[in-house]
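Report on the structure given below.
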Amino acid sequence: MITVALTKGRLFKDFIKYMEENGLNDYIGALTGETRSLYTVVDDVKFIFAKGPDVPTYVESGVADLGIVGSDIIAENEFNILNVSQLPFGDCHFSVAALPGQEAFGTIATKYTNVAFEHFKNRKMDVSLVHLNGSVELAPLLGLSDAIVDIVQTGGTLRDNGLIEYEKIMDIHARLIANKRTFYTKEDGIYEFLKEIGVV
Ligand code: PRP
């Protein structure tokens, strides 16, 4: 049995779409059932559902062997995991966004303070960072910050809140991560699963 940590949310929807496109119906049935259970088992694979930033924590500790996580999480935090490969879904990007005509970028609200810090350090811009846990787009609308650093996928959230992108920071993709020990000790089960989902 191998354990795979998934995150419910944007990336999960993209993973299900990828499986639909590839006819992986057994997995889809098990993963999309109407239940609040936080794990499900399909043959020799146990899937657990965690918050995105917690997926690498489960993998690092070895209670999950594999994880599917956005590269935004890997960019923001340090984990002692194998960053195995990029996956063909979950594409979006980090951007600096603000109201049209914004000239000052002194205060930046974001969930991703490390990504934002690195970006503005490279730009040699001195900014104050305000950490928020979500709905970051509110900050410039209410005057809490001049701009935000956030994930943009469709651009709908920015558009619906009257914000525009000023600068793209980096591309984001889904990534396959693995525990450094069990990636080798459970090699056969892991390979079987990866072959089934078409990523090896
Ligand atoms: C993310 C991100 C943006 C939005 C971008 O938020 O922080 O708010 O999605 O997506 P879009 O470009 O397709 O509109 P998420 O839905 O993860 O929730 P959050 O606001 O609580 O972080």
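Electrostatic bookkeeping for Val42 treats Lys and Arg as +1 and Asp and Glu as -1; over the other residues with beta carbon under 11 Å from its beta carbon, the sum is -3. Toward the positive end of the charge dipole of the chain, with +1 on the Cβ of Lys and Arg and -1 on the Cβ of Asp and Glu, the farthest Cα among Val130, Ile48, Tyr191 is that of Val130.
Could you work out how far helix 187-196 tilts from the main Cα principal axis of the chain, as a 0 to 90 degree angle to the nearest 10? Roughly 70 degrees between the two axes. DSSP finds beta bridges in the range 1-77, and of those with both partners inside it, around 35 percent are antiparallel. Taking label points 7 Å from Cα along the Cα-to-Cβ direction, Ile164 and Glu20 give a separation of 3.4 nm. In this structure, the pairs whose alpha-carbon distance is over 24 Å, taken from Lys13/Lys46; Lys51/Lys121; Lys17/Lys195; Lys13/Lys180; Lys17/Lys180, are Lys51/Lys121; Lys13/Lys180; Lys17/Lys180. When nucleic acids and ligands are ignored and a 1.4 Å probe is applied, Asp91 ends up with an accessible area of around 90 Å². Counting charges near Leu141 (Lys, Arg +1; Asp, Glu -1) among other residues having Cβ under 14 Å from its Cβ returns a value of -3. Using only side-chain charges placed at the Cβ, +1 for Lys and Arg and -1 for Asp and Glu, the dipole size of the chain relative to its Cα centre rounds to 280 debye.
Using a 1.4 angstrom probe with every protein chain in place, what is the largest-first accessible-area order of Tyr191, Tyr166? If you can, show how the numbers build up before the last one.
Values: Tyr191 120, Tyr166 85 Å².
The ranking, largest first, comes out as Tyr191, Tyr166.
For the chain, the mean residue ellipticity at 222 nm estimated from helices alone is -8500 deg cm²/dmol, where every DSSP H run of n ≥ 4 contributes -39500 (n - 2.57) and the total is divided by all residues, rounded to the nearest 500. Taking every DSSP bridge with both residues inside the range 92-171, close to 60 percent are antiparallel. Extending 7 Å from Cα along the Cβ direction at Val41 and again at Ser128 yields two label points whose distance is 5.4 nm. Among the DSSP beta bridges whose two residues both lie in the chain, what percent are antiparallel, rounded to the nearest 5? Of all bridge pairs located within the chain, approximately 60 percent are antiparallel. For the range 1-40 versus the range 144-195, the inter-centroid distance based on Cα atoms is 17 Å.
Applying both filters, DSSP loop and at most 12 other Cβ atoms within 10 Å, to the trypsin sites (Lys or Arg not before Pro) of the range 1-103 gives Arg36, Lys51.
Rolling a 1.4 Å probe across all protein chains gives Phe89 an accessible area of roughly 20 Å².
The values are calculated or read from the model by the stated rules, or taken from the named source; none is laboratory data. Everything quoted here is computed from the prediction, not taken from an experiment. Virtual Cβ from ideal backbone geometry, glycine too; neighbours counted across all protein chains shown. Each accessible area value is taken on the protein alone, full model and side chains, heavy atoms only, with ligands, DNA and RNA left out. Shrake-Rupley method; radii C 1.70, N 1.55, O 1.52, S 1.80 Å.
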